[in-house]
Amino acid sequence: MTMDEGQHGPKETWANGAVYEPYMGRWSRLVARKFLNWLDVSPNCYWLDVGCGTGALSRTILDLAAPAHVKGFDRSDDYVVFAREQVRDERAQFEVGDAQALPVETGTYDAVVSGLALNFIPEPRQAVAEMTRAAKPTSVVAAYVWDYAGKMQLMRHFWDAAAALDSRAHDLDEGRRFPICQPLPLRELFQSTGLSDVAVRPIDIATDFQDFDDYWSPFLGGQAPAPAYARSLSDEQRAVLRERIRAGLPFAQDGSISLTARAWAVRGFRQ
């Protein structure tokens, strides 16, 4: 079966935080906890969250790292509004801003971080350079991204099934589109901006779904590449894709689905 290709391909949307939360926000927070434990930043520090999205990482910083202040920037007006509504803490501030030209003074933050955003920025090296500029000397600059091509299983089940049905899906697959989401490219990216002691590590989390609907429904929201692709299909094509994915998932006897998601985390220190 080959699905029809639109003239311009599916349009990716980043405009609805409530829809994005069950898709990736809930999993991002689990990664964020392990990420912050790894960074081990002292209390009462000033944090910058670049590409803050719906505020998942910022919220976790507030919960676990006892910061003096967290400032988040994202290019999506809608996500910034959502983050402000969801993270009501006097220590937090969210603004619309470009990661490639951060509107902050040089050398002002104790920790500069980014969660699940670098691969969606047109010039990730410029973004990391800006993150490095914003950090105080000797302070940490760090990020995490999904291992799309490897152990991000909920995505691999989706794209492998889609590619088997549709030649378009092969090139839309995040595992192919985002080559920096691997250890060596991440290390080289951070080293290229002059950061020292750069380290990369995997962070694995369990992504447990109550049933197939819990897995499939978030793909219908249109937020991010895979949901945008699913929304671009006809009802019939989407139903065929749904059943092909269902056939390949590891169901338990009670109908639940247990998968693993891996993120690659990278950190370095401004000299």
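The values are calculated or read from the model by the stated rules, or taken from the named source; none is laboratory data. In this text, all values refer to a predicted model and were calculated from it rather than measured experimentally. For neighbour counting, all protein chains shown are included, and Cβ atoms are generated from backbone atoms with ideal geometry for every residue, glycine included. These accessible areas exclude ligands, DNA and RNA; they are computed on the full protein's heavy atoms, side chains included. Shrake-Rupley method; radii C 1.70, N 1.55, O 1.52, S 1.80 Å.
For segment 121-208, divide the Cα radius of gyration by the Kirkwood radius and give the resulting Rg/Rh value with two decimals.
Result: Rg/Rh = 1.06.
Which order do peptides 257-263, 104-110, 130-136 fall in by mean Cβ count within 10 Å, highest first?
So the order, starting with the most tightly packed, is 130-136, 257-263, 104-110.
In segment 146-271, what percent of the accessible surface is made up of carbon and sulfur (1.4 Å probe, ligands and nucleic acids excluded)?
Looking at segment 146-271 in its full context, I get 45 percent from C and S.
Per residue, what volume in Å³ does the Cα convex hull of segment 174-271 take up?
In segment 174-271, the Cα convex hull volume per residue is 127 Å³.
Based on the alpha-carbon set only, what is the convex hull volume of segment 83-128 divided per residue, in Å³?
108 Å³
For segment 79-158, take every pair of Cα atoms, bin their distances at 5 Å starting from 0, and report each bin as a whole percent.
For segment 79-158, the pair-distance distribution reads 3, 13, 18, 21, 19, 14, 8, 3, 1.
Quick one: how many lysine pairs does the chain have with C-alpha atoms less than 30 Å apart and a gap of 8 or more or different chains? Give me the count, please.
The number of close lysine pairs in the chain is 6.
Looking at the P(r) of segment 202-252, how many percent of alpha-carbon pairs lie beyond 14 Å?
Tail of the P(r) past 14 Å holds 58 percent of the pairs.
Quick one: pull the percentage of alpha-carbon pairs in the chain with a separation above 33 Å.
The proportion of pairs with Cα distances above 33 Å equals 21 percent.
Which percent of Cα-Cα pairs in segment 37-130 sits in each 10 Å bin, short to long?
17, 53, 29, 1
Output the 0 to 90 degree angle, nearest 10, between the alpha-carbon long axis of helix 124-134 and the longest principal axis computed from the alpha carbons of the chain.
It is inclined by approximately 30 degrees.
Kindly write out, for segment 198-207 in residue order, the coupling ³J(HN,Hα) from the Karplus curve 6.51 cos²θ - 1.76 cosθ + 1.60 (θ = phi - 60°), rounded to whole Hz, with x marking Gly and Pro.
Whole-Hz 3J(HN,Hα) from phi for segment 198-207: 6, 10, 10, 8, x, 10, 9, 10, 7, 10.
Please list the non-local residues whose amide H lies under 5 Å from the amide H of A92, H modeled 1.01 Å from N, same-chain partners needing a gap of 5 or more.
The answer is V70.
Compute the long axis of helix 153-165 from its Cα atoms, compare it with the longest principal axis of the Cα atoms of the chain, and write down the angle in degrees, 0 to 90, nearest 10.
The angle comes out at about 40 degrees.
Cα axis of helix 235-248 to longest principal axis of the chain: angle in degrees, 0 to 90, nearest 10?
For 235-248 against the chain, the angle is about 80 degrees.
Taking amide H positions as placed in the peptide plane 1.01 Å from N, state which residues far from F178 in sequence (5 or more) or on other chains have amide H under 5 Å from it.
none
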